[in-house]
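Nothing in this text is a laboratory measurement; each read-out follows from the coordinates by a stated rule. Computed from a predicted model, the values in this text were never measured in an experiment. Every residue, glycine among them, receives a Cβ derived from its backbone with ideal geometry; neighbour counts consider all protein chains shown.
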Amino acid sequence: MSVVAERAEVFAALGDPNRLRILDHLTRAPASATALVEDLEITRQAVAKHLRVLEGAGLVEAARAGREVRFELRPAQVERAARWLDDVAVGWERRLAAVKRVAES
């Protein structure tokens, strides 16, 4: 997968409020889909769908613990997305500074 496609998949996954709530929950502790249902007040099927999207984007990983599947945040992928946004912000700051210099001269 290209870097652009990977970024698009990550940001598409982050673009849903329920998926953001799932990620927020997983920053505190790994959880099963059942535990997430109780916390999020959406159906188990919806949680499962959101978890598949997050897993596909590399934002969470599933691990079997006995009969239960627990999901855990993958901070490396989140950090890559944050770094990319930081790079975009630096580029915009440079451009805005250049516009300001031109406008003031």
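Output the relative contact order of the chain, whole-number percent, from Cα pairs under 8 angstrom with separation of 6+ residues.
Normalised by residue count, the contact order of the chain is 25 percent.
Using square roots of five times the C-alpha gyration tensor eigenvalues, list the equivalent-ellipsoid semi-axes of the chain in whole Å, biggest first.
Output for the chain: semi-axes of 36, 14, 11 Å.
If you take the charge dipole of the chain about its Cα centre, with +1 on Lys and Arg Cβ and -1 on Asp and Glu Cβ, which of M1, I42, A65 is farthest toward its positive end?
Positive-end residue among those listed: M1.
Using a/c under 1.5 as the rounded threshold, could you call region 18-73 rounded, prolate or oblate? The axes a ≥ b ≥ c are square roots of the C-alpha gyration tensor eigenvalues, and prolate needs a/b larger than b/c, oblate otherwise.
rounded
With +1 on the Cβ of every Lys and Arg and -1 on the Cβ of every Asp and Glu, and nothing else charged, how large is the dipole of the chain about its Cα centre, in debye rounded to the nearest 20?
Here the size comes out at about 160 debye.
May I ask you to evaluate 6.51 cos²θ - 1.76 cosθ + 1.60, the Karplus curve with θ = phi - 60°, for each residue of region 50-59 and list the ³J(HN,Hα) values in order in whole Hz, giving x for glycine and proline?
Using θ = phi - 60°, the values come out as 5, 5, 4, 5, 5, 5, x, 7, x, 8 Hz.
Output ³J(HN,Hα) for region 89-103: one whole-Hz value per residue in order, computed from phi by the Karplus curve 6.51 cos²θ - 1.76 cosθ + 1.60 with θ = phi - 60°, and x for Gly and Pro.
The phi angles translate into 4, 4, x, 5, 4, 4, 5, 5, 4, 5, 4, 4, 4, 5, 5 Hz.
Please list, ordered by chain and number, the residues whose modelled amide H lies under 5 Å from the amide H of R74; skip anything fewer than 5 residues away on the same chain.
The list, which skips near neighbours in sequence, is V60, E61.
Karplus couplings for region 13-23 from phi (6.51 cos²θ - 1.76 cosθ + 1.60, θ = phi - 60°), rounded to Hz, Gly and Pro as x?
Per-residue couplings from phi come out as 5, 6, x, 10, x, 5, 5, 5, 5, 4, 4 Hz.
Quick one: if you stick a label point 7 Å off each Cα along the C-beta vector at A48 and A12, how many nm between them?
Roughly 2.2 nm, to one decimal.
Are there GluC sites (Glu not before Pro) in region 57-105 that DSSP puts in a loop and that have at most 15 other Cβ atoms within 10 Å, and which ones?
Passing both the DSSP loop test and the Cβ count: no residue.
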